[in-house]
1. Go through the stretch 229-248 and give me each residue that's within 17 Å of Glu173 (Cα to Cα) and among the hydroxyl-bearing types (Ser, Thr, Tyr).
2. So which helices (runs of 4 or more DSSP H) are wholly in the stretch 166-263 and hold at least 1 residues that are within 25 Å of Thr32 (Cβ to Cβ) and in contact (Cβ under 8 Å) with a residue 12 or more places away in the chain?
3. Tell me, which residue of the stretch 161-189 that is over 24 Å from Leu230 (Cα atoms) and of a type in the set (Val, Ile, Thr) is surrounded by the most Cβ atoms within 10 Å (Cβ to Cβ)?
4. Would you be able to say whether some residue in the stretch 86-99 is over 29 Å from the mean Cα position of the chain (by Cα), modelled with pLDDT under 80, in a helix (DSSP H, G or I) and not assigned by TED's automatic domain parsing to the domain that holds Tyr212?
5. Tell me, please, whether a residue that is without any contact (Cβ under 8 Å) to a residue 12 or more places away in the chain, in a helix (DSSP H, G or I) and not assigned by TED's automatic domain parsing to the domain that holds Arg191 can be found in the stretch 35-52.
6. Out of Leu3, Leu67, Leu61, Leu57, report the one residue that is touching a residue at least 60 places away in the same chain (Cβ under 8 Å) and more than 23 Å from the chain's Cα centre (by Cα).
7. Check the stretch 1-23 and report whether any residue there is among the aliphatic types (A, V, I, L, M) and at pLDDT below 85.
8. So Gly25 ticks every box in (1) more than 30 Å from Arg191 (Cα to Cα); (2) under 17 Å from the mean Cα position of the chain (by Cα) but one. Which box is left unticked?
Amino acid sequence: MKLEALWEMGDRLAKLGVTKPHSIGWAVQRETKGLIKRPTIFRSHKIRTIWPSKQDLMRDLGGLQGLSSLTELLPLIDPAQDVKHKLSPEQLSGLFKHACSDSPGEFKQYLRVLKKQFSHGKLGKPLDKAKHLPELRDVVSNFRRLRTFLFHLFEQKSAAERSAFRAHTSTDELRAFSNMCIALTTKDNYRLYKRLGSSSSSSLNKEFATLYDRFRNILEKPADVERARLRRLISAEAMAEMSDVISSMSSEEAVDDFTERRKLAIPL
């Protein structure tokens with residue numbers, strides 16, 4: 001039923017004359033609040049490109065063990081890829097047979113060997129998931145420096161330094177930044193993001209202003225890609241702690257409350 005639904009979705013896209021499924025996929029994902037994801041749109045379009053009729057699809061993959069096997073299979077049978085034209089009819093038939101008889105794990109292992117045989121471009125090469133992480137290292141450094149600075153403020157018996165920080169960092173920005181940190185803790189918590197405060201920080205504190213603007217920019221992007229990378233570098237616990245710390249900096253009463261909570265949390 002899932003295969004048939006994907007083909008029918010792809011058929012509708014074909015009849016609408018869609019030629020850029022990725023762009024349409026992002027639009028659909030935004031419009032449905034993430035209920036229908038971009039990859040679903042792209043794959044349905046690709047399936048319809050490969051199989052002109054639903055009957056053809058069901059004949060080849062009607063016994064598929066899992067949709068993950070279809071995801072793994074598509075790069076090898078995509079007409080837009082060179083490898084498709086190198087596969088003999090027997091090899092193609094064998095692919096479909098394995099996809100329907102193997103478990104998803106077994107099929108992935110089978111494809112790993114085949115992809116190396118037809119290695120071309122990115123095909124057959126391991127995905128470097130850490131490739132783009134260095135682009136966010138400066139954010140991590142800023143985050144650590146701001147955390148150290150804020151805890152230094154909390155440790156001061158005199159309120160002078162905290163008052164100075166508040167004098168050049170508005171309460172609205174503190175509230176907005178706290179919300180941004182919570183929204184960045186997990187993928188699901190993105191729905192908690194609210195466009196509070198100004199679009200860019202006017203704080204004289206360099207670390208705060210830099211993180212405020214960077215987090216705002218990341219949260220304004222419809223795709224979760226950069227947020228996902230940031231979650232790999234800064235834990236949800238660290239983000240939640242920062243949210244609490246920064247919101248507690250809004251007044252001396254909030255500072256006292258935070259200090260008391262920390263005294264209680266340490267023995268616990």
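The values are calculated or read from the model by the stated rules, or taken from the named source; none is laboratory data. Everything quoted here is computed from the prediction, not taken from an experiment. Cβ atoms come from the backbone with ideal geometry, glycine included; neighbour counts cover every protein chain shown.
1. Scanning the stretch 229-248 gives Ser243, Ser247, Ser248.
2. Of the helices (runs of 4 or more DSSP H) lying wholly inside the stretch 166-263, those with at least 1 residues that are within 25 Å of Thr32 (Cβ to Cβ) and in contact (Cβ under 8 Å) with a residue 12 or more places away in the chain span 171-183, 206-220, 225-233.
3. Out of the qualifying residues, it is Thr169.
4. Step one: of the stretch 86-99, the residues over 29 Å from the mean Cα position of the chain (by Cα) are 86-98.
Within this subset, residues satisfying the condition of being modelled with pLDDT under 80 are 86-88.
Going one step further and asking which of them are in a helix (DSSP H, G or I), we end up with 86.
Still in the running and not assigned by TED's automatic domain parsing to the domain that holds Tyr212: 86.
Yes, there is a match, as at least one residue in the stretch 86-99 is over 29 Å from the mean Cα position of the chain (by Cα), modelled with pLDDT under 80, in a helix (DSSP H, G or I) and not assigned by TED's automatic domain parsing to the domain that holds Tyr212.
5. no
6. Numbers: Leu67 fails: more than 23 Å from the chain's Cα centre (by Cα); Leu61 fails: touching a residue at least 60 places away in the same chain (Cβ under 8 Å); Leu57 fails: touching a residue at least 60 places away in the same chain (Cβ under 8 Å).
Answer to the selection: Leu3.
7. no
8. Against the list (1) more than 30 Å from Arg191 (Cα to Cα); (2) under 17 Å from the mean Cα position of the chain (by Cα), Gly25 comes up short only on (1).
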